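What follows is a single structure, written as structure tokens, with notes after it.
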Amino acid sequence: MRCFVQILCLTAGVCLGGISNAFAAPQILALVETPEPAPLVCAEGVCRAEFSTLCLQKDRDIPLPNTVYAPVDADRIILVLRRLGGAVRVKGYAGLRFVVRRSYVSVTVEIAEAEIAQLGALDAGVEIGPLASLIPLPTPGDSLPITPEEIAEAAGPYRLAASRTVSRQTAVIQAARATNRLANAMLAEPTESHAAQNALWGKIAATLPGGRNTASAKQASTIVRTCQSFQEKQGASGFRGCLQFQHDQLMYGVNQTYWNHNDAGS
């Protein structure tokens, strides 16, 4: 249960006794599969998007903000380049960077905007294939590094179990994905106008599986309204931050379900 306890500690800013196993490697993550490429949003020379993840090892420490990860199997992650002649799919592109900014239920995938141009693309997206996993990059002084046996277990049977959990939580996953898409889009359009936000959300909602009238789309719409109310005090950054928070809350629930059905990493 260490993952859940530590995220509460980080959110509160204090944790009695501190986080155990200082300098120990954090847990391996599952990257949640996407049905289509998520567009990378370019701002200030970097193109990025956030993707949903799950903690596969609940007894390992959670990643601290800005922890860098790498794919276990890079070919399960596809860079989709949109060129004038059509889309080009590149499996396992080495130029992608994976950084956990908040907690174990979200990772930012990024690449330099200049690199996309050098590849001859107008823009790009990233698609997450089945059973993709991430491991933290080794750091000097690591007192408890991840072993090859752990990687085989977490990226093998644990990852399969996580995939089964995700397949049974379709509505929640779709709501989280939709919320994430709006949060990503706000990187390029950080508007405080509710009308502009609603228009942007409308474009996204129209492309969701089943359209606007599914349970997941309605749940995401409620999140948008909630975050617009929160924004009144925090501005556009508060709106996007609220979307990220709501996404994470949805994914924490999925992760808890996974832990309840599987003794992963305990």
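The values are calculated or read from the model by the stated rules, or taken from the named source; none is laboratory data. The model shown is predicted, which means the values in this text are computed figures rather than measured ones. Glycine also receives a Cβ, built like all others from the backbone with ideal geometry; neighbour counts cover every protein chain displayed.
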What tally of residues in region 130-158 results from selecting those that are more than 19 Å from Ile78 (Cα to Cα) and part of a strand (DSSP E or B)? 1
Just for region 42-72: of the residues that are touching a Gly at 6+ places or on another chain (Cβ under 8 Å) and not in a strand (DSSP E or B), which one is surrounded by the fewest Cβ atoms within 10 Å (Cβ to Cβ)? Asp59
Here are the criteria: (1) modelled with pLDDT under 90; (2) over 24 Å from Val88 (Cβ atoms). Tell me which single one Ala43 does not satisfy. (2)
For region 179-225, how many residues are of a type outside the set (A, V, I, L, M), in contact with a Leu (Cβ under 9 Å, 6 or more places away or on another chain) and part of a loop (DSSP other than H, G, I, E, B)? 3
Restricting attention to region 121-177, the residues that are of a type in the set (Ser, Thr, Tyr) and touching a helix residue (DSSP H, G or I) at 6+ places or on another chain (Cβ under 6 Å) number exactly 2
Residue hits (region 79-107; aromatic (Phe, Trp, Tyr) and in contact (Cβ under 8 Å) with a residue 40 or more places away in the chain) are Tyr104
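Go through region 108-129 and give me each residue that's over 15 Å from Val68 (Cβ atoms), over 15 Å from the mean Cα position of the chain (by Cα) and either touching a residue at least 24 places away in the same chain (Cβ under 8 Å) or in a loop (DSSP other than H, G, I, E, B) (or both).
Ala112, Glu113, Ala114, Ile116, Leu119, Gly120, Ala121, Leu122, Asp123, Ala124
Rundown of residues vs (1) over 23 Å from Val46 (Cα atoms); (2) out of contact with any Ser or Thr (no Cβ under 6 Å at 6 or more places or on another chain), yes/no style:
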position	(1), (2)
Thr170	yes, yes
Ala196	yes, yes
Ala206	yes, yes
Ser216	yes, yes
Thr222	yes, yes
Glu232	yes, yes
Phe245	no, yes
Thr257	yes, no
Of the conditions (1) surrounded by fewer than 18 Cβ atoms within 10 Å (Cβ to Cβ); (2) modelled with pLDDT under 95; (3) at negative phi, Arg164 satisfies every one except a single condition; which number is it? (2)
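Residue by residue, here is whether (1) crowded, with 21+ Cβ neighbours inside 10 Å; (2) on the phi > 0 side of the Ramachandran plot; (3) modelled with pLDDT under 95 holds:
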site: Val90; (1), (2), (3): no, no, no
site: Val100; (1), (2), (3): yes, no, no
site: Val107; (1), (2), (3): yes, no, no
site: Ala112; (1), (2), (3): no, no, no
site: Gly129; (1), (2), (3): no, no, no
site: Pro140; (1), (2), (3): no, no, yes
site: Leu160; (1), (2), (3): no, no, no
site: Ala176; (1), (2), (3): yes, no, no
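Step by step: first the residues of region 30-41, then only those that are of a type outside the set (Gly, Ala, Ser) and not in a loop (DSSP other than H, G, I, E, B), then the one that is surrounded by the fewest Cβ atoms within 10 Å (Cβ to Cβ). Which residue is that?
Looking at residues that are of a type outside the set (Gly, Ala, Ser) and not in a loop (DSSP other than H, G, I, E, B), I get Pro39.
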Among the numbered conditions (1) without any contact (Cβ under 8 Å) to a residue 24 or more places away in the chain; (2) surrounded by 21 or more Cβ atoms within 10 Å (Cβ to Cβ); (3) polar (S, T, N, Q), tell me where Thr207 comes up short. (2)
Specify which of the listed residues (Gly125, Gly95) is farther than 24 Å from Glu149 by Cβ, small (Gly, Ala, Ser), modelled with pLDDT of 95 or more and surrounded by 14 or more Cβ atoms within 10 Å (Cβ to Cβ). Gly125
Matching option when the condition is over 13 Å from Glu33 (Cα atoms) and among the basic types (Lys, Arg), among Arg164, Arg102: Arg102
